[in-house]
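The values are calculated or read from the model by the stated rules, or taken from the named source; none is laboratory data. Quick caveat: nothing in here was measured; it's all calculated off a predicted structure. All Cβ positions, even for glycine, are placed from backbone atoms using ideal geometry, and neighbour counts span all protein chains on display.
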Amino acid sequence: MSKKLLSQLLIVVFAFSFSLDASAQRRKKKNKEDDKKTEAKKTTAKPKKGEIQPYEKVVTKDHATDEGLFKVHTKDEKYLFEIPDSLLEREMLMVTRIAKTASGLGFGGGKQNTQVLRWQKKGKKVLLRVVSHNIVADTILPVHEAVVNSNFEPILFSFPIKAFSKDSTATVIDATSLFTTDVKALGFPARSRKKYKVTRIDKERSFIDRISSYPQNIEIRHVKTYASSAPPSNKSVGSISMELSNSMILLPKVPMKRRYHDERVGWFTSSQTDYGLKAQKSKSVTYLDRWRLEVKDEDLAKFNSGKLVEPKKQIVYYIDRATPKEWVPYIKQGINDWQVAFEAAGFKNAIIAKDAPTKEEDPEWSPEDVRYSVVRYLASPIPNANGPHVSDPRSGEILESDINWYHNVMTLLHNWFFIQTAAINPDARSNEFKEEVMGRLIRFVSSHEVGHTLGLPHNMGSSVAYPVESLRSAAFTKEFGTAPSIMDYARFNYIAQPEDKGVALMPNIGIYDKYAISWGYRPILDTDNEKPVLDSWILKHAGDAKYRFGHQQAGNVIDPSSQTEDLGDDAMRASDYGIRNLKRILPRLEEWTSVKGENYDELQTMYGQVLSQFNRYMGHVASNVGGVYENFKTSDQNGAVYSHTPTEKQKRAIAFLNKELFTTPTWMLDTNIFNKTQFSGSGDRIMGMQSNALSKLLKPGRLTRMVENQTLNGAQAYSILSMMTDLRRGVWSELYSRKSIDVYRRNLQRAHIDRLGKLMILKSQRGANSGYFKQTNVNATLSDIKPVVRGELNRIKRDTKRAIATAPNTLTRYHLQDVVERIEEILDPK
């Protein structure tokens with residue numbers, strides 16, 4: 001081949017190769033461009049339903065992130081939860097409360113629901129399940145499988161997984177709909193929906209206000225509006241709006257050791273049905289709600305030698321920054337007062353009060369953070385305070401507590417203190433107390449509410465431990481206060497008389513309080529079986545009334561020794577002293593309430609308080625009739641748990657009512673007060689109190705207990721016939737003395753007939769015994785009540801007919817004739 005031909009051939013090959021390479025480069029470039037377009041299409045394409053997206057596509061730079069238990073990412077009213085995998089399957093407590101509400105719809109802080117929840121990953125979804133601890137069995141027992149199978153956890157909500165975190169250790173979901181839709185378990189409870197006839201949620205007027213994440217809890221505030229045909233206020237809008245608070249709290253990985261309840265010591269409790277016990281039946285176990293107070297390892301020897309030690313973790317209460325400065329020291333002192341009770345349990349500095357840090361000191365501090373227990377000061381007209389707590393249902397461990405302090409609790413304190421002590425106490429004789437006087441009252445209420453947050457319920461059986469006469473002694477009350485427990489409703493010392501100088505006016509942390517805190521909190525370190533030790537602590541004080549627990553009674557008062565607002569061991573003697581003081585106060589009421597340039601509103605209010613206090617005394621006395629004492633005991637203790645009120649006390653109770661109430665209490669009828677405070681109705685309140693007392697005395701359950709007492713104890717009992725006779729002789733005394741019957745007595749006698757008439761149409765009622773609520777079983781068909789009432793009506797009718805002929809005036813005669821006709825209509829209804 002010639003050199004020229006070879007050269008031409010190489011040029012062609014090179015050109016062809018260059019052409020091929022150029023073409024390849026163009027194809028490669030085109031492919032890259034195509035790949036970019038495809039990627040761009042993938043990026044901008046709408047994701048398929050249920051498809052899990054890259055993290056950065058879900059959680060963008062536009063989201064605001066709140067770090068805490070979960071990361072909460074917020075954008076455009078959407079809330080994403082980034083749940084760490086380590087918290088999946090962990091149990092969390094969801095507490096639903098009313099945060100803000102309208103008139104008639106409960107109060108801010110009112111608990112609506114409590115549930116244990118579990119976040120669980122299932123395929124491409126996260127499930128929120130409701131965990132029940134109502135029935136249990138140890139996991140090592142064969143019966144555990146049966147318990148699990150009969151305790152399937154319902155699914156409260158399901159969320160599609162949106163993304164996984166970049167390190168794949170957390171799962172992202174959109175939690176918005178959990179709080180914007182009508183999830184009944186997290187909203188207004190069914191009982192309230194029924195009451196106000198709620199039909200549906202209005203989504204247009206419902207929204208999430210905020211979600212905040214803290215290290216151990218997440219706080220959600222959301223506004224719910226429900227269509228309602230019976231709203232308690234703002235009826236024209238046909239709906240109910242409220243702000244709800246949901247607190248989701250991480251429960252401890254290892255539950256606290258339980259301490260089991262004994263009804264002889266009052267305590268707030270949690271309970272379960274345990275199928276794993278050796279009993280030949282399912283058995284309910286009840287355990288205390290209490291803070292986790294533990295001895296430090298290095299202090300065990302010191303504690304065992306009887307020395308006081310500081311707990312591993314103190315109970316700390318912070319005072320809300322919104323609290324008026326003048327009241328802060330008194331609220332703090334009420335908290336610190338409990339130190340003496342914890343010293344009885346072996347701890348020093350176990351409970352302390354602190355000021356909430358300022359925003360400058362700690363900008364992250366929040367009263368909603370579950371790590372902090374707070375006394376919340378609320379600008380509300382509600383005249384009350386309360387001390388709820390949040391506890392772990394598995395163990396009873398109290399995790400957090402907020403004491404709600406409503407501004408108008410001071411109104412309540414003023415009125416009680418005025419009416420119950422002004423007769424002997426110059427500091428109580430004004431519309432507005434000195435700061436130190438109101439401060440002392442605030443300290444008293446603070447201590448009481450803190451007691452609730454420590455686990456103690458009301459002990460209404462405490463105040464009867466002290467003899468009435470001892471409450472007039474300065475030496476006795478200085479040492480013991482006015483009741484063994486500040487958890488009783490033993491307000492102020494209405495028994496003390498003007499000559500009883502230096503007497504104490506209110507209870508302090510008392511003998512029972514120290515005993516109960518020691519019983520519930522003192523560590524028992526040398527055994528896992530605490531019961532014998534706890535029993536021995538109780539038996540050490542068995543039979544001593546100062547250490548007795550008496551249930552609060554809702555509705556019916558069965559046990560007259562566990563009443564609210566009473567003092568001393570004898571209601572008749574205590575009430576007599578109380579009435580003497582009311583008689584001293586009433587003539588000075590205008591002087592002590594009047595302010596130049598002001599109207600008579602305060603006079604009217606305090607006159608009503610006088611009547612209310614008198615009415616309380618009548619209730620205390622009436623409850624002795626047909627009463628049954630309840631003194632908790634175990635089978636190894638002698639004596640009855642239930643015993644009827646002694647006959648002598650019941651008879652004195654009826655005699656007291658006949659003298660102080662049914663004989664018209666004319667000392668209350670102050671013309672000077674009437675003509676400055678009301679245009680009519682001067683006798684209505686007297687009539688109301690008399691009618692109320694008759695209703696209490698003639699309750700079917702009370703009469704049934706009197707029949708039972710006579711059946712069991714024969715002539716020793718105060719029989720229903722004896723009571724009816726004693727009452728009739730008091731109410732109808734004019735029939736036998738031929739005296740004129742005035743308007744007050746005519747009203748009383750008609751009220752008596754009316755009440756007896758209601759018993760003639762008596763219906764049966766079912767008995768109940770749930771601790772707080774007790775009701776006697778009444779068989780209307782077979783009971784002795786109707787025959788006795790029929791006989792009593794016939795007796796009154798006979799005696800009335802005899803008295804008509806000798807009636808001293810026309811109005812009395814007309815009244816007696818009317819009584820006969822009323823009785824005939826009851827006995828023979830047309």
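Please go through region 380-402 and give me each residue that is under 13 Å from Trp327 (Cβ atoms) and either at pLDDT 80 or above or out of contact with any helix residue (DSSP H, G or I) (no Cβ under 8 Å at 6 or more places or on another chain) (or both), ordered by number. Can you show your working first?
Taking region 380-402 as the starting set, the residues that turn out to be under 13 Å from Trp327 (Cβ atoms) are 385.
Once the filter is applied, which keeps residues that are under 13 Å from Trp327 (Cβ atoms) and either at pLDDT 80 or above or out of contact with any helix residue (DSSP H, G or I) (no Cβ under 8 Å at 6 or more places or on another chain) (or both), region 380-402 yields nothing.
Could you check region 295-313 and list, in sequence order, the residues that are surrounded by fewer than 16 Cβ atoms within 10 Å (Cβ to Cβ) and within 24 Å of Glu400 (Cβ to Cβ)?
Scanning region 295-313 gives Lys296, Glu310, Lys312, Lys313.
Would you confirm whether or not region 113-128 contains a residue that is farther than 21 Å from Ser177 by Cβ and modelled with pLDDT under 80? Give the steps one after another, and end with the answer.
First pass over region 113-128, keeping only residues farther than 21 Å from Ser177 by Cβ: 114, 116.
The next check asks that each one be modelled with pLDDT under 80; those that pass are none.
Checked region 113-128: no residue is farther than 21 Å from Ser177 by Cβ and modelled with pLDDT under 80.
Give region 632-645 a look and list any residue that's crowded, with 21+ Cβ neighbours inside 10 Å and not hydroxyl-bearing (Ser, Thr, Tyr), or say none. Walk me through it before giving the result.
In the first step, residues of region 632-645 are kept if they are crowded, with 21+ Cβ neighbours inside 10 Å; the result is 644-645.
Residue satisfying the conditions is His644 alone.
Taking the condition surrounded by fewer than 18 Cβ atoms within 10 Å (Cβ to Cβ) and not aliphatic (A, V, I, L, M), does Asn404 pass?
Values: surrounded by fewer than 18 Cβ atoms within 10 Å (Cβ to Cβ): no; not aliphatic (A, V, I, L, M): yes.
Spelling it out, it is not the case that Asn404 is surrounded by fewer than 18 Cβ atoms within 10 Å (Cβ to Cβ) and not aliphatic (A, V, I, L, M).
Pull up region 774-804, narrow it to residues that are among the basic types (Lys, Arg) and free of Cβ contacts under 8 Å to residues at least 60 places away in the same chain, then point me to the one that is nearest to Ile823 (Cα to Cα).
Ranking the qualifying residues of region 774-804, first place goes to Lys797.
Mind checking which residues of region 158-181 are surrounded by fewer than 20 Cβ atoms within 10 Å (Cβ to Cβ) and without any contact (Cβ under 8 Å) to a residue 60 or more places away in the chain?
If the condition is that a residue be surrounded by fewer than 20 Cβ atoms within 10 Å (Cβ to Cβ) and without any contact (Cβ under 8 Å) to a residue 60 or more places away in the chain, then Ser158, Asp167, Ser168, Ser177, Thr180, Thr181 are the ones that fit.
Filter region 793-823 down to the residues that are out of contact with any helix residue (DSSP H, G or I) (no Cβ under 6 Å at 6 or more places or on another chain), surrounded by 13 or more Cβ atoms within 10 Å (Cβ to Cβ) and more than 18 Å from Lys739 (Cα to Cα) and list them by number.
Answer for region 793-823, where residues must be out of contact with any helix residue (DSSP H, G or I) (no Cβ under 6 Å at 6 or more places or on another chain), surrounded by 13 or more Cβ atoms within 10 Å (Cβ to Cβ) and more than 18 Å from Lys739 (Cα to Cα): just Arg795.
Which residue, of Ser447, Ser485, is outside any loop (DSSP other than H, G, I, E, B), crowded, with 18+ Cβ neighbours inside 10 Å and of a type in the set (S, T, N, Q)? Spell out how you get there, then give the answer.
On the way: Ser485 fails: outside any loop (DSSP other than H, G, I, E, B).
Being outside any loop (DSSP other than H, G, I, E, B), crowded, with 18+ Cβ neighbours inside 10 Å and of a type in the set (S, T, N, Q) holds for just one of Ser447, Ser485, which is Ser447.
Scan region 366-376 and tell me whether some residue there is on the phi < 0 side of the Ramachandran plot, loosely packed, with under 14 Cβ neighbours inside 10 Å, among the basic types (Lys, Arg) and within 23 Å of the chain's Cα centre (by Cα).
Residues of region 366-376 on the phi < 0 side of the Ramachandran plot: 366-376.
Now narrow it down to the ones that are loosely packed, with under 14 Cβ neighbours inside 10 Å: 371.
Then keep just the ones that are among the basic types (Lys, Arg); that gives 371.
Imposing the further condition that a residue be within 23 Å of the chain's Cα centre (by Cα) reduces the set to 371.
Checked against the condition, which is being on the phi < 0 side of the Ramachandran plot, loosely packed, with under 14 Cβ neighbours inside 10 Å, among the basic types (Lys, Arg) and within 23 Å of the chain's Cα centre (by Cα), region 366-376 yields at least one hit.
Filter region 492-513 down to the residues that are under 20 Å from Asn336 (Cα atoms) and either in the same structural domain as Ile538 (by TED's automatic domain parsing) or not in a helix (DSSP H, G or I) (or both) and list them by number.
Taking region 492-513 as the starting set, the residues that turn out to be under 20 Å from Asn336 (Cα atoms) are 506-513.
Of everything in region 492-513, those that are under 20 Å from Asn336 (Cα atoms) and either in the same structural domain as Ile538 (by TED's automatic domain parsing) or not in a helix (DSSP H, G or I) (or both) turn out to be Met506, Pro507, Asn508, Ile509, Gly510.
Looking at (1) part of a loop (DSSP other than H, G, I, E, B); (2) at pLDDT below 95; (3) buried (at least 19 other Cβ atoms within 10 Å of the Cβ), which one does Lys281 not meet, given that it meets all the others?
Condition (3) is where Lys281 drops out.
For region 465-482, which residues satisfy the criterion of being buried (at least 22 other Cβ atoms within 10 Å of the Cβ) and in contact with a helix residue (DSSP H, G or I) (Cβ under 8 Å, 6 or more places away or on another chain)? First the steps, then the outcome.
From region 465-482, those buried (at least 22 other Cβ atoms within 10 Å of the Cβ) are 465-466, 471, 477, 481-482; that's our starting set.
Correct list: Ala465, Tyr466, Leu471, Thr477, Thr482.
Suppose we keep only residues that are in contact with a helix residue (DSSP H, G or I) (Cβ under 8 Å, 6 or more places away or on another chain) and under 20 Å from His452 (Cα atoms) within region 223-276. Which one would you say is surrounded by the fewest Cβ atoms within 10 Å (Cβ to Cβ)? Show your work before the answer.
Step one: filter region 223-276 for residues in contact with a helix residue (DSSP H, G or I) (Cβ under 8 Å, 6 or more places away or on another chain), giving 223, 225-226, 230-231, 239, 241, 244, 246, 250, 259-260, 262, 264-268, 275-276.
Narrowing further to those that are under 20 Å from His452 (Cα atoms): 259-260, 262, 264-268.
Values: Arg259: 23, Tyr260: 13, Asp262: 20, Arg264: 20, Val265: 21, Gly266: 27, Trp267: 22, Phe268: 19.
Checked region 223-276; the qualifying residue surrounded by the fewest Cβ atoms within 10 Å (Cβ to Cβ) is Tyr260.
Answer yes or no: is there a residue in region 155-175 that is out of contact with any Cys (no Cβ under 9 Å at 6 or more places or on another chain), at pLDDT below 90 and either closer than 23 Å to Arg210 by Cα or assigned to a helix (DSSP H, G or I) (or both). Write out each step before concluding.
Here is the first cut: in region 155-175, the residues out of contact with any Cys (no Cβ under 9 Å at 6 or more places or on another chain) are 155-175.
Going one step further and asking which of them are at pLDDT below 90, we end up with none.
Looking through region 155-175, none of the residues is out of contact with any Cys (no Cβ under 9 Å at 6 or more places or on another chain), at pLDDT below 90 and either closer than 23 Å to Arg210 by Cα or assigned to a helix (DSSP H, G or I) (or both).
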